[in-house]
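Chemist: One structure follows; several queries about it will come next.
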Amino acid sequence: MNETPVIIENLRRRYGRLDAVSGLSLTVPRGSILALVGPNGAGKTTTLKVTVNLLRPSAGRATVLGKDSRRLNWRDFQRIGYVSENQRLPEFMTVRQFLNFCQTLYPAWDAAFAGELRRQFDLADDDRLLGHLSRGMRMKAALLSSLAYRPRLLVLDEPFSGLDAVVREEVSRAILQFVRDEDWTILITSHDIDEIERLADRVAIMREGALTVNESVESLQARFRRVQVTLPAAAPLTVGWPREFLRVEQNGARLAFITSAYESDEKLRTALPANSQVESLTMPLREIYIALNQTN
Amino acid sequence: MNIIIELLKKDLLKFRWLLLLWLALIVTWHAALFVLNAENFKTVYASVSVLQVLAILFLPVLTLLVVQADAAAGGTAFWLTRPLPPWKILASKTLLLLSLMVPLAVAVFISTMALFQSSAADAWHKTLNTVQLWFWLMPLYALVAAVTRNFSVAFGTLLALIVAFFASATIFSENRIYFYLWWVPIAAVPLTGVIVQYYTRRAWLTVSGCVLAAVITTVVHPPSPFPEKQRGVEKEPEFAEQIAVKNISVNARDENVIVSGEFDMPEHREFEWKNFPLTFNAANGGAVTLLNARISMHGQREKIMKFSFTLRPVELKRLGKKSGTLRIHVGGRFFHYEPLTVVPLDGKRWMVVEGTRITAARLSDDADVDTVARLLFFGALTDIVARAREETHLYQYALCRADDGPEITLQAHAGYGMSDFTLCAQLFQLRTREPLPQTLDDYSVRISRRVYNRKEISGTTIEIPHFTASGTAPAAAEKL
C-alpha cells in the first residue's frame, strides 16, 4: 500500500461561531515528518484531533491511511499512534501494568522493541504509578505505548511540552531513528522550533486556522536569509522596499532585513541601489518562524 | 476475550477501594438484618434502612464512574485512539456492573435462608425480586455516564432526570402509580442509547436510537401508566381501593398457623405471581417480610384468587416480641389487604385477629386466665375499632374498664393514614395495669369509645353483656 498517509482537503472545524480551522489543505507524504507549527489557538491541535477522529470536521475532509477520518475505527488504530500532551493515561496503573495492558491491544506489539525502548527511555523495571511520574516520564511512557507496535502513522501533539532538554534529546533521537529505519510517517505539532528543525522534513505554519506556509525545511531555509547591506554614500533613502523584504531596518548607510525570496546575492543586488555591499546569512527555523509571525 | 479481561482488570484496579466499600456496605446492611429481633427493633430497622438507602445511592455513583472511565463522549478518552472495539468495552463494563450485583444477590440469598429459614426456592425468588430493580436501572445510569464528559456533569444530569421523572409523574399521573411503568422500555431504551453512543459518539444518533427503541418497545407492549386505557379496558382502580377478602380461615396446626382465604380478582387484573410478599408491620416501627406465602389461581372463569400462607415457629418467634399488622401486597402493587392482625402475647402465645373476630389462638397448655381474658377483651375491642373505622379514617381510641375488679385498661389505637406509597399499619396495644383475677366468672366489661374526627370528638359507651369463661384456659379459648 503506497497511499499518502494523510491528505487534508479544505478542512473546516467550527466551535460555535469560531472557525478553529478554516479551509486547511495539507498532505503528509509517506516516510516524512511534517511539523505543524503556529501560535496558540492557530488550530494545530484541532487539526490533529480531526485527523485521528477525535473531532469531526465541520466541512472538508481528512483522509488518513486511505480512509476518511470520520470512518476510522478501532482496527485502524492498530496502525496509527497518537500521543498528546493532554492525553489522560490510566494513572492508577504502574508503568509495567500500563505497558502490559497496551500489549494486549496490539497484535503487532514488538516486545523486544518495547524492551529496547524502555531501556532507552529509562523506563525499565519501573513499578511506579503513572500518576506519580514526572510529566516527562509520563510522556515517555505514552510515547513508548504508541511506538512499540510500529505504527505506520504517528500523530504527536506537543510531545516535547514540559520535557527537559535531555529527555527532548532522547525522544527526538528515537523519532529520527524510527523514521529512518522503519519508514514511518509522522505528523507533529510543537512550539519547540529547534526540535522541529532537527526532526521535520516539512513545516506547515498555521495562523488563525489557516495555513500560511507549507514547504520543506530546506526550501524554507533556502529562501529566507538575513541580509545586511552597506549602501553607497550617495544612495538616496529608499522608502518602498519589495514585499519579500521583511523587518527592514535602516541606520544611515546600513540596511538590515530578512528576505523571504532569496535566490542569490546577485539577484538581491538588483533590488538594491547600485554598488551596495550585500552579505546574506542563513537563518535557523526559529528566526524564520518569528519573522513570519511578526510580519503577518 | 483477552482484551475484555484486561479492561475488566484495569477497572477493578482503578475502582478497587470503591468496590470494597460497596462490598462492605452490602455485608453490613445484611448483617444488621440479623439483629432485627433485638429489643431495639426500631433502631435496628432504621439502621438497616439507612444502609439500604446508602447502597441505593452508591450504585448509580459507581455505575457513572465505571462507565466514565472509558466514556464515549469528549475527545480525551484513552480508548478512542487505541484499537479497542466498543463492544469489548461494553462487555467489560457490563461484566463489572453485573458483578456488583453478585454480593448483593449472595447477601440477600444468605440472609433470606438464614433469617427466615426459607427454602432455597423462596430465597432465590426473594433474591431475584430484590436484585432486579437495581438491574433494570443500571442501563439508565450507564446512558447518562456514556453521553456526558465528566462525572460532575453526569451526576447533575442524573439528578435532574430523577427530579424531572418524579415531577412529571406527580403532575401527569393522576394516581401517581410509578410502578406501573413498564420495565422493558426503561431498560431497553437506555441500553440502546449506550450502544449507539459507543459506536457513533454522536448525540443525535444516540437520541434517535433511544426514540426508536422506545417506539418499538411501545408497539410491542404499550407501557404503563396507561396500558388499560390504550387497550380500551377498564380504568385502573383507585390507589386506595381495597380488595375484599372472603372466606378467610385461620387454623392452628401443630406448631404453625395456616391462614387462607380468597378474594375476587378485579376483571382487568392479570395476576401471574405465584409468590407474593407478606409483611408484618410492627407497631413500634419496622417491618418483617415473611416469605413462605403462596398464592394460587382458583378458576379463570370465577376470577377468584385463593391464597394461603403459613406462619411457622420461625415467623411466630420473630413476631413474638412485637405487635402489629400483617399486610399482604397483592401482586406486589399498591393493593393492600389488611384484615389480619397478629397479636403476640408472649413468646409462645399469640392470637390472630381477622377483622373483628379472633379466629385463631395458640395457647400453651398452661395458659392462664389472664391470657384468655386478654383474648376476650381484644375481641370486643377490635369490634369497636372496626366500627370506628367506618366513621373516621383518622384515629380511634378505646378504653376498657372492668367493673368490680381490678381496673384493666386496654387501648386500641388504629391509625389509618395514607401516604403516596404506604398505608399506615393498624396499631394495637394492650396494657395491663394490674393482674387480672384468676377467674372470669361474671366478669363484666364496659368499654368506652371515643372517635376523634377532624371536626369533632364524640364519646360513646358501649356495654358488653356479661360473658362467662371458666375452667381451664384452652376450654375458655374455645368459647371464642
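Chemist: Give the residues of the range A:84-95 that are outside any loop (DSSP other than H, G, I, E, B), within 12 Å of chain B (Cβ to nearest Cβ) and in contact (Cβ under 8 Å) with a residue 40 or more places away in the chain, sorted by residue number.
Modeler: Once the filter is applied, which keeps residues that are outside any loop (DSSP other than H, G, I, E, B), within 12 Å of chain B (Cβ to nearest Cβ) and in contact (Cβ under 8 Å) with a residue 40 or more places away in the chain, the range A:84-95 yields only A:Ser84.
Chemist: Here's another thing I want to ask about it. Given the options A:Gly136, A:Gly115, A:Gly81, name the one that is in contact (Cβ under 8 Å) with a residue 12 or more places away in the chain, away from chain B (no Cβ under 12 Å) and outside any loop (DSSP other than H, G, I, E, B).
Modeler: The match here is A:Gly136.
Chemist: Now for a separate question. Just one of the numbered conditions (1) in a helix (DSSP H, G or I); (2) under 27 Å from A:Asp192 (Cα atoms); (3) in contact (Cβ under 8 Å) with a residue 12 or more places away in the chain is not true of A:Glu169; which one?
Modeler: Exception for A:Glu169: condition (3).
Chemist: Assess whether B:Ala73 counts as being at pLDDT below 85 and out of contact with any Gly (no Cβ under 9 Å at 6 or more places or on another chain).
Modeler: yes
Chemist: Restricting to the range A:123-133, name every residue that is outside any loop (DSSP other than H, G, I, E, B) and more than 17 Å from B:Lys10 (Cβ to Cβ).
Modeler: Matches in the range A:123-133: A:His132 only.
Chemist: Checking A:Ile193 against (1) modelled with pLDDT of 80 or more; (2) outside the structural domain of A:Ala174 (by TED's automatic domain parsing); (3) touching a Phe, Trp or Tyr at 6+ places or on another chain (Cβ under 8 Å), only one condition comes out false. Which one?
Modeler: For A:Ile193, the exception is condition (2).
Chemist: Could you list, in sequence order, all residues of the range B:59-112 that are assigned to a loop (DSSP other than H, G, I, E, B) and of a type in the set (Val, Ile, Thr)?
Modeler: Matches in the range B:59-112: B:Thr76 only.
Condition check ((1) open to solvent by 10 Å² or more (accessible area, probe 1.4 Å); (2) more than 30 Å from A:Gly23 (Cα to Cα)) across all residues:
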| position | (1), (2) |
| --- | --- |
| A:Leu199 | no, no |
| A:Val227 | no, yes |
| A:Asp265 | yes, yes |
| A:Ile288 | no, no |
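Chemist: Checking the structure you have, find out if any residue of the range B:151-174 is at pLDDT 80 or above, closer than 22 Å to B:Gln68 by Cβ, surrounded by 20 or more Cβ atoms within 10 Å (Cβ to Cβ) and β-branched (Val, Ile, Thr).
Modeler: no
Chemist: Do you know which residues across the range A:180-191 are more than 24 Å from A:Tyr289 (Cα to Cα) and either open to solvent by less than 40 Å² (accessible area, probe 1.4 Å) or hydrophobic (A, V, I, L, M, F, W, C) (or both)?
Modeler: Passing the criteria: only A:Trp184.
Chemist: To continue, here is another question. Which one of these does B:Pro103 not meet: (1) at pLDDT below 90; (2) within 14 Å of chain A (Cβ to nearest Cβ)?
Modeler: Here B:Pro103 clears every test but (2).
To keep it simple, each residue is scored yes or no on (1) part of a helix (DSSP H, G or I); (2) facing chain B (nearest Cβ under 10 Å).
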site	(1), (2)
A:Asn40	no, no
A:Leu48	yes, no
A:Arg61	no, no
A:Gln97	yes, yes
A:Cys102	yes, yes
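Chemist: Write out, first by first residue and then by second, each pair whose Cβ atoms fall under 6 Å of each other, whose residues are 6+ apart or on separate chains, and whose first residue, in the range A:277-296, is farther than 14 Å from A:Glu195 by Cα while the second is among the acidic types (Asp, Glu).
Modeler: A:Val278/A:Asp265; A:Ser280/A:Asp265
Chemist: Going by what's in this entry, would A:Glu169 be described as open to solvent by less than 60 Å² (accessible area, probe 1.4 Å) and out of contact with any Pro (no Cβ under 7 Å at 6 or more places or on another chain)?
Modeler: no
The values are calculated or read from the model by the stated rules, or taken from the named source; none is laboratory data. Keep in mind it's a predicted model, so treat the numbers as computed, not measured. Cβ sites come from the backbone with ideal geometry, for glycine too, and all protein chains shown count toward neighbours. SASA here: full protein model, heavy atoms, side chains in, ligands and nucleic acids out. Shrake-Rupley method; radii C 1.70, N 1.55, O 1.52, S 1.80 Å.
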